[in-house]
Each structure stands twice: as C-alpha cells, then as structure tokens.
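Everything below concerns the one structure shown next.
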Amino acid sequence: MSKICVIGTGYVGLVTGTCFADLGNEVHCLDIDHQRIEKLKQGIMPIYEPGLEQLVSQNVKAGRLIFTTNYEEALESAEFAFIAVGTPSGVDGEADLQYVRAAAEKIADLVDHPIIVVNKSTVPVGTGDWVADIIRKRRAGKPLDFDVVSNPEFLREGSAINDFMYPDRIVLGSVNREAASKVAQLYLSLRCPIMITDLRTAEMIKYASNAFLATKISFINEMANICEELGADVRQVAQGMGMDKRIGHAFLDAGLGWGGSCFPKDVKALAHMAVLHGTSPQLLQAVMDINRNQRRRVVLRLRKALGSLDEKVIGVLGLSFKPNTDDIREAPALEVIHLLQVEGAIVKAYDPQAMEAARTMLPKVHLCSNPYEVADGADALVLATEWNEFKQLDFERIAGLMRNKLIMDGRNLWDPERLRQYGFTYYGIGRPS
Ligand code: NAD
Ligand code: UGA
C-alpha cells in the first residue's frame, strides 16, 4: 500500500485516483475547485464516466479514497504526488503550463519529506526538467529530496476505468531509474508491459501516440472523401485494410473527424514544438487541415441539398465529442453547429449526457429532450455522435415529423437502404449516396 496524492480531480485525476485506491492504496484526490470536491464528498460525480460512481463510492466507503481542497492534508506523508491538472491550448497552440507550475510550486512549498513527483498531465517535451527546476529553485535554502517521473496517461474517456485497469503499456520516464521503478511498483498488479525510459522520451511518446491516432483518423477521412467521388464504400475499405495486421482495424472509422479535449490540443502543441525547434511538421498540418475540412464538408453538402441554409431547421443528434462521455470540449458537433448558424440555420439538438454542458456552451441552440423533438419540423437531421441510443430510432415516426426527409449520418451509424425505404435522402461519410 502506498500513499498517493493526485493533484487535479478532472477526467484523468479522478479516474487515476479512484483506480489507485481500488488497487489498495491510500489516495488523496485534490482540486482547487471547491464545488467539485464538495460534490464528490456527497457522491456526486463531476463527469459522466461509465462505472465511475460505483467505484468511487466503494473506495470512499473503504476509507482509501479521500477528496480534499487542502494541499497540506493531501501531501502530508505522500510518497507520490501525481500531477493531473489541465494543459489546455495557449497562444499559437502552445500548451499552457500555468496549472502544472502552480501544482509544482505547492509541492515545493509544502513538502518536507522525500517524494516522487509524477507528471500525468500531457506536457511538452522538457516539462519534467522544468518542473524539477521550479521545485529546486523554490527550495534553494532547504533542499527537498525529490524526483520527477513522467507517466503519460493513455486512457480514453468513456472507457477510462477499463483502460486504466487493462492498459496496453505503462510508460515511465526519469533521470533516476530507481524513482521510475518505484512508480512501476504501483502498476505491477495490472500485469502489463512497463517501459522505462528517459523523461523527454516518455513525454514525446504521449504526443507521438495521440498524433498517430489522429493521423489514422484523418487518413481514413481523406480516403472517405475520395470514396465519395469514386463510388466506393469507405467502411468496407477500412475493413479490408484493417485485416492487414500491420494496419489494424482501430481508429479507421470515417466521420466528422476527431475532437475532444486532447487530440486537437495535443496535435497543435506538437506542431508548435516542432516549429519552435526549427522543423516543419507538414504531416501534422495536413492532419489538422483534413480534420477541420471534415466538418465543413458536411455543411457544404447540406447547403447543396437544401439550396440555402438560411432559416432552415437543422436537427443535431449527439453533442459530446464521442459516445459515453458528457465532454463537449472541441466536439465536432460544436463546429458543425457554429458553421450552420453562420449560414443562418436554426439548430435544434439533443445528447444523452451532454445537455448540461450544452446549456452553457450553446446558448443559441434549441435543446430538446429526445431525438423525436429534434426531428419535429426539421429540414435535415445530422448525426454527430454515435450514441447507442441512436442506433435503433423509430425512423417511421421521424419521417412523419420532419419537414424534409434529409439525413446526414456523420458517423455512418445507420443502414442507408433501411432509411431510403422510409423515404429519406441519406448521406453518409465515404459511402455511395
Ligand atoms: P480536466 O480539465 O478534466 O481536469 C483538470 C482538473 O485540475 C480540474 O478539476 C481543475 O480544477 C484542476 N486544477 C487546475 N489547477 C489545479 C491546481 N493548481 N491544483 C489542483 N487542481 C487543479 O483535465 P483532464 O481532462 O483530466 O486532463 C488532465 C491532463 O491529462 C491534461 O494534460 C490532458 O491532456 C491529459 N489527458 C487527458 C485525458 C482525457 O481523456 N481527458 C487522457 C489522457 C491524458
Ligand atoms: C484519446 C486517446 O485515444 C487516448 O489514448 C488518450 O489518452 C486521450 O486521447 C488523451 O490523451 O486525452 P479520447 O480523446 O478520450 O482518447 O477519445 P478517442 O476514443 O481517442 O476519440 C477521439 C476522437 O476521435 C473522437 O472525437 C472520436 O469520435 C474520433 N474518432 C475515433 C474517429 O473519428 N474515428 C475513429 O476511428 C476513432
């Protein structure tokens, strides 16, 4: 059993802290957001993540998981301080490290025992050294016995607990191999490959992994656009490609492109780092351009089909950036909605979990309580997120409700033939229309 402090109780910090507690450690999850911590103490989750509420409750009851806003309490005798604060996009796409700095400064100011600082946030290459410098400088008169280990996180929202508990690999980077080995001990019971490397390489592995996954998606989206012109079906193309083990099936679903709190900011941050150090990241630029264009193409197709979008009622199904999360940060739906509104369209929308977030982020969208309300009087329906509950809609009812039976299936969720039987004009992504 180890004593762990997790700084930042967001998607990553809360899942990491809860899972470490479940593995038998004593974990203090700390956040500067008092409201978030108060709610967590009452058992109210600040995010929607399948299985999380129950796991939190079990570990709180067992006394292994404690939520706090008090740094002194959380860091007291902690052997490990995991930094899991946000690293959003700043100027020119550079990662904003103000929250990481604040966490490092608190550790420097409050800790008086040996500690391993573990960087779980996604941070630019060199940040581990920078964090060590911050701590060293602040403790100039009274040196602290500490090490910094980079431990990038690879979990996905929507399947975060499973991803944490059954990881493909754990990556650890440090100038001190012994410190990295101590962090490795925390993961031993997961029985997965553990790679120990240097700090900068570990930090780079995280960016390279996210950029590669984003590249796969942009690649298949480019293929989809070519398929549309040539009369091929990108879903089958992806299937045929994926059977080659060197390619694999994952991340070859064509659609509205990648969104979320990570791919967009991480690809941008990596490109920024590259430019800053004199290389020209042409592939990364193309990957981002294709992604942006993917949203525009949908709006162009709708405009072409409807003549003009001015005063047309467009229904959007799904707002979160992917299913099984309430996270709408950089969701493709947001960009599509923005482009539709710029063209004068009236937008209605529904999402199974993201309505609360949508209320503040999308004040000009008419939010509905179910898919049928969205369809009522609509000139077109756009599927932006492939939630399970959208798989089996009553299309006969929807056909009766819509003003114009046009469907833009942005995630290739539905069977075109079936929809055509109900009289819909169906557009998918990269499928013959
Ligand atoms: P988030 O925005 O959900 O949570 C960050 C939390 O940190 C917030 O609750 C905030 O109040 C808190 N915080 C900010 N400054 C603080 C401070 N000084 N002390 C204590 N708490 C503080 O962010 P997230 O999505 O969990 O991402 C965190 C990091 O992990 C990012 O670098 C991200 O790129 C990376 N990451 C995220 C995911 C994901 O799926 N969301 C996956 C892998 C890696
Ligand atoms: C992604 C990575 O998959 C995680 O490994 C990583 O830890 C995380 O980013 C991070 O660094 O934050 P996440 O953003 O939660 O995880 O979700 P993904 O499942 O990767 O989906 C990202 C986006 O790509 C979504 O908008 C999704 O709809 C889109 N996507 C995904 C596609 O368009 N096609 C695909 O085939 C797969």
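Here the chain is assigned +1 on the Cβ of each Lys and Arg and -1 on the Cβ of each Asp and Glu. Its dipole about the Cα centre then comes out at about 560 debye.
With the highest mean first, a sort of the peptides 183-190, 22-29 on other beta-carbon atoms found within 10 angstrom per residue produces 22-29, 183-190. Over all orientations, the stretch 318-433 has a Cα convex hull whose mean projected area works out to 6.7 square nanometres.
Packing, taken as the mean count of other beta carbons within 10 Å per residue, orders the peptides 86-99, 407-420, 149-162 from highest to lowest as 149-162, 407-420, 86-99. If you wrap the Cα atoms of the stretch 3-197 in a convex hull and average its projected area over all directions, you get 10.6 nm². Of the peptides 236-243, 269-276, the ranking by mean beta-carbon count within 10 Å, highest at the top, reads 269-276, 236-243.
Over the chain, DSSP H runs of length four or greater, each weighted -39,500 (n - 2.57), average out per residue to a 222 nm ellipticity of -13500 deg cm²/dmol. Of all lysines in the structure, the ones whose alpha carbon falls short of 17 Å from that of Lys364, not counting any fewer than 8 places away in one chain, are Lys312, Lys348. Dividing the Cα radius of gyration of the stretch 240-390 by its Kirkwood radius returns 1.02 for Rg/Rh. Applying the Kirkwood pairwise sum to the alpha-carbon positions of the chain produces a hydrodynamic radius of 23.2 angstrom.
Which of the lysines could be linked to Lys120 by a straight reach, that is with a Cα gap under 20 Å, when you skip same-chain ones fewer than 8 residues away? Excluding near neighbours in sequence, the set is Lys3, Lys106, Lys182, Lys206, Lys265, Lys268. Seen from all directions on average, the stretch 1-110 presents a Cα convex hull projection of 7.1 nm².
The Cβ shell under 13 Å around Gly344 holds other residues with a net charge of -1, Lys and Arg each +1, Asp and Glu each -1. In this calculation the C-beta distance from Phe251 to Met195 is compared with R0 = 22 Å, giving a FRET efficiency of 0.55.
Every read-out reported here was derived from the displayed coordinates using simple, explicitly stated rules and does not represent laboratory data. Quick caveat: nothing in here was measured; it's all calculated off a predicted structure. Ideal geometry is used to build each Cβ from the backbone, glycine not excepted, and the neighbour counts take in all protein chains shown.
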